[in-house]
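Quick notes on the structure that follows.
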Amino acid sequence: MFYRRKNKLDKLEDWLTSYHHQSVRAKFSWGYWLAVVGIILVIMILVVLAPITYQAIKAADNILTVIKIKDEVVSAAIGGDWQQASQATGRALEEIEQFRDRLNRLGLVNYFPPLNNKIRELDKLLAGGAGLLTGYNQLFSLLAEEEVTLGAADFFEKISKRRSDLLAIQANIIEAQNIFDQVNLKSLASLFNLDLFDTQLSLEQTAKDSGSLVPLLADLPELLGYQETKRYLLVFQNNMEMRPTGGFIGSYGILTVAEGKIIDMFIDDVYNLDRFAQGKLNVLAPAPMLKYNNQKHWYLRDANWSPDWPTAARQIVWFYQQEAPFSNQLKTDFDGVIALTPEVISDLLALIGPLTVRETEFSADGFAQQLEQFVEFDYYQQGIDKYERKDVIGDLAGLVLEKFYDLSATDKLKALAVLQQRINQKHILVYLFDAKLQEQFTANNWSGAVRQTEGDYLMVVDSNLAALKTDQAMAKSIKYSVRLDERGDLIGRLELIYDHQQKYQPDLISRYRDYLRIYVAPETWFIRAYYSDGTKEQPINLDQETEIGSELGKKYLAWFFTVEPLTSKKIVFEYRLPPGVKSSYLNGAYKIIVQKQPGTVGHNLEIDLNFTRPIKAYHAAVLPMNLWGQAISWRTDLSVDREFSIEFNN
């Protein structure tokens, strides 16, 4: 057999044919595997996303259901239907637990580092909510079992016998509060929208309020004389003339309660005690009063000189006991001291409506100014004696209480909520001589005591000395910042602005005369201070113009200054934070408590913190204004005490 030898053209043809078949096979192979991989990816995505999508939709249903149930719970509680409220909270609790279960079914998402930490924080939030609902469910069940009716004759008897159960309920709510305190708000804020962030803060505040309200409910029978008559010394603090614990003491009173009812209330002008003690009680006034108020001796009206309410309350009782015999009053043993500002009466008038006393209408809008107008000016036109002009306060208080008893159960609950809010805002201060009851008030931050903390601390205390009622004309703001200097020390900078916004008015508004005290953490070292009134900076000589000392577990700096009408003054203090705060920072944490002066209306507050370490987590009751790397800032108000905590990456 013969074979024809292939020439060059034949070889070229063979090569082209071979290339064509290989190319076709290559294309077929590439397209095939691409399709296979695509199908696998689609299957994997469906396997991962389908459960996530399903669980997310169901979780959204859980949240919407809880929101609807919340309204049902509120409505039932206001109406006193404890059984319905208990059942509703039980259903809400089931929805929360289903939500938590759905989080655990997210599959692979729970293992992704960018998301798993954030999901854990959300689970903490839900755990806290579940604990809070458990506490409410137990409370409503207890009230349903006892068939408790607010204001009923047997109310205190039923509450008193279940005191131990109420304290057990409190333990659940406190546990929920502790869980909320551990939630990293930075994770929530970066993963979810502001509604969820606000929900967390709202739940946390509810837990705090509930944790304090439940023991108050447990102790209410004893406080209101269920088994033994109680007497309280009342002081009315006028915060238009600011003093350390809330305002100048213009009036005082004695409140007697038994079986949950007021059986006697006496209110009088404080000068009706002080004027009879003049020349007989020769107690030297604190040095600033003598120097800036030209007042040599100390009397009841100025007894609230300490910013620590327990200290001031004991001082108030001492002065009353010393002065009472001079005005033919008997010395009285008191169970406690209660201080009020005009805001409390104003809030009650908002529920009750305007009241007319001694031909004068008093309403919620502008109550403090209405009362001031009467006791300082209008009384004379009605022929009322100077020393009887403040009897209108007693008449008004009696009428408010009378109307309060006539309120519906719904409005009474609203009134109690308002009173609790005013306690939180320190427009109501309570000091009790019963050590156990006082300990409960202190634990809930209701005692008005200067708070003790191992971290950073700030409290600004103003005392109006001979400036009439000028505090109503003052807008005040506080800005506090922290930075590290070249030595690695933490440097605090406090900037205060006092803006006088009204013209001079005879016997009412004058230049502002303020004895300022700032309380900071012990071992703080003041570096420098200066002020500016719109022109150049003026240095403050710390050695000659200020008083620096220690009291109440804090270090303080005091300085007297004035602000003319329609002008403002900026005051700045710089100081080195104590070694303990620096050590805490080096160990990865920083915390500051900014304590509110009682009676103040809620100054503007700015916190600006600039560190050299990345911020890992933060906790505060308000959303930060800015957060970037090593710095964080807040803009809020000082209507209540504020706490800011930060953790750092290593």
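Numbers below:
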| item | result |
| --- | --- |
| Sites residue 485 and residue 104, calculated FRET efficiency, Cβ-Cβ separation with R0 56 Å, nearest 0.05 | 0.70 |
| Net +/- balance of residues flanking residue 288 in space, Cβ distance below 14 Å, scoring K and R +1, D and E -1 | -1 |
| Net +/- balance of residues flanking residue 325 in space, Cβ distance below 12 Å, scoring K and R +1, D and E -1 | +1 |
| R0 of 45 Å, Cβ-Cβ distance residue 547-residue 361: FRET efficiency to nearest 0.05 | 0.50 |
| Relative contact order computed over segment 208-357 (Cα-Cα under 8 Å; 6+ residues apart), in percent | 25 |
| Protein-only accessible surface order, largest first, of 241, 145 at 1.4 Å | 145, 241 |
| Long-range amide H partners of residue 428 with built H, under 5 Å | 423 |
| Stretch gain in nm, segment residue 453-residue 388, where the contour uses 0.36 nm per residue and the Cα spacing is subtracted | 18.9 nm |
| Probe 1.4 Å, accessible area per residue of segment 274-341, Å² | 45 |
| Whole-Hz couplings from phi, Karplus 6.51/-1.76/1.60, listed for segment 321-327; x for Gly and Pro | 4, 6, 8, 3, x, 5, 10 |
| Cβ-defined net charge surrounding residue 241, 13 Å radius [Lys, Arg +1; Asp, Glu -1] | -3 |
| Residue 145-residue 294 pseudo-label distance in nm [points 7 Å out on the Cα-to-Cβ vector] | 6.7 |
| Karplus (6.51, -1.76, 1.60) ³J(HN,Hα), θ = phi - 60°, over segment 565-574, in Hz, Gly and Pro reported as x | x, 6, 10, 9, 9, 9, 10, 10, 10, 10 |
| Partner aspartates and glutamates for residue 616 [C-alpha distance under 18 Å; skip if fewer than 8 residues away on the same chain] | 121, 181, 608, 643, 647 |
| Length added when fully stretched, residue 647-residue 403, from 0.36 nm per residue minus Cα-Cα | 82.8 nm |
| Label-point separation, residue 511 to residue 228 (7 Å along Cα→Cβ), nm | 5.4 |
| Label-to-label distance, nm, for residues given as residue 589 and residue 275 (7 Å Cα→Cβ offset) | 5.6 |
| In segment 369-405, chymotrypsin sites (Phe, Trp or Tyr not before Pro) in a DSSP loop with at most 15 other beta-carbon atoms within 10 Å | 377 |
| Three-way shape label, segment 265-324, alpha-carbon gyration tensor, a/c 1.5 | oblate |
| Among the listed pairs 68/426; 570/591; 536/591; 230/555, those beyond 31 Å (Cα-Cα) | 68/426; 536/591; 230/555 |
| Whole-Hz ³J(HN,Hα) from phi, Karplus 6.51 cos²θ - 1.76 cosθ + 1.60, for segment 442-457, glycine and proline x | 5, 4, 8, 6, 10, 8, x, 7, 5, 7, 9, 8, 8, x, 6, 8 |
| Shape call, segment 395-507: gyration tensor on alpha carbons, a/c limit 1.5 | oblate |
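The values are calculated or read from the model by the stated rules, or taken from the named source; none is laboratory data. All of these numbers come straight from a predicted model, not from anything done at the bench. Neighbour counts are summed over all protein chains in view; Cβ atoms, including those assigned to glycine, are modelled from backbone coordinates with ideal geometry. The protein model used for the area step is the full one, side chains on, heavy atoms only, and it has no ligands, DNA or RNA in it. Shrake-Rupley method; radii C 1.70, N 1.55, O 1.52, S 1.80 Å.
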